[in-house]
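One structure is given here, and the rest of the page talks about it.
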Amino acid sequence: EALGPESVVTLDRGTGFGEAIAAGLSHAERDPAEHDDQFIWILHDDCAPAPDALKQLLVAIADAPSIAVAGPKVIAWHDRHWLLEVGLTATWLGRRETGLERHEQDQGQHDAQRDVLAVGSPGLLIRREVWDRLGGFDPQLRLFGDDLDLGWRANLAGARVSVVPSAMVFHAEARAHGR
């Protein structure tokens, strides 16, 4: 309501996640003169950031301008002690891997900010210039794996990807659980 109906982009239900973000970004106005100072913050419809999550991500990037992509600690929606993601890597077969034990409890053991191969898309913050240069999420990856692919491509392009555990996002993982 605050932004008005012209700010809402409506797409077919079968639209992929990356395609939907691209459509929203192409619809949004932006000032090319401020291109280097713009960020994209991705939030899923089934996640809720902690009140200071964006601030924590921006502080991390401000403290290290070489960081192009930053992601939060992702915690389960229904059990606020259960870690879902604190950065991502890949197995030797290229499968997405969190490096966490099943139902691992958050006891501060992963609270150090560090560079990683990728961060999950719920709560991902990326410099707009890097997003544009990489072409955003690969539209061929309609669901799952797009975040790993983006981080992988960012690293290959020489951009730093960092997990910022002081930023937290609570995620219901509705699609993964068929909800």
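The values are calculated or read from the model by the stated rules, or taken from the named source; none is laboratory data. Model, not experiment: these values are computed from the prediction. All Cβ positions, even for glycine, are placed from backbone atoms using ideal geometry, and neighbour counts span all protein chains on display. Heads up: the accessible areas ignore ligands, DNA and RNA and are worked out on the full protein's heavy atoms, side chains in. Shrake-Rupley method; radii C 1.70, N 1.55, O 1.52, S 1.80 Å.
Scanning region 64-88 for residues that are open to solvent by 60 Å² or more (accessible area, probe 1.4 Å) and either among the basic types (Lys, Arg) or under 10 Å from Val164 (Cβ atoms) (or both) gives a single hit, Arg80.
The set of residues from region 149-169 being assigned to a helix (DSSP H, G or I) and open to solvent by 10 Å² or more (accessible area, probe 1.4 Å) comprises Asp149, Trp152, Arg153, Asn155, Leu156. Looking across region 66-96, the residues that are among the aromatic types (Phe, Trp, Tyr) and free of Cβ contacts under 8 Å to residues at least 40 places away in the same chain come down to Trp82, Trp92.
Within region 115-148, the set of residues being surrounded by 22 or more Cβ atoms within 10 Å (Cβ to Cβ) and outside any helix (DSSP H, G or I) comprises Ala118, Val119, Gly120, Ser121, Pro122, Gly123, Leu124, Leu125, Ile126, Arg127, Phe137.
Filtering region 154-162 for residues that are more than 22 Å from Ala68 (Cβ to Cβ) and under 15 Å from the mean Cα position of the chain (by Cα) leaves an empty set. Entry remark, region 96-114: residues being open to solvent by 70 Å² or more (accessible area, probe 1.4 Å) and closer than 24 Å to Lys55 by Cα number 5 in total. Looking only at residues in region 87-134 that are β-branched (Val, Ile, Thr) and at pLDDT 90 or above, the one that is nearest to His171 (Cα to Cα) is Val119.
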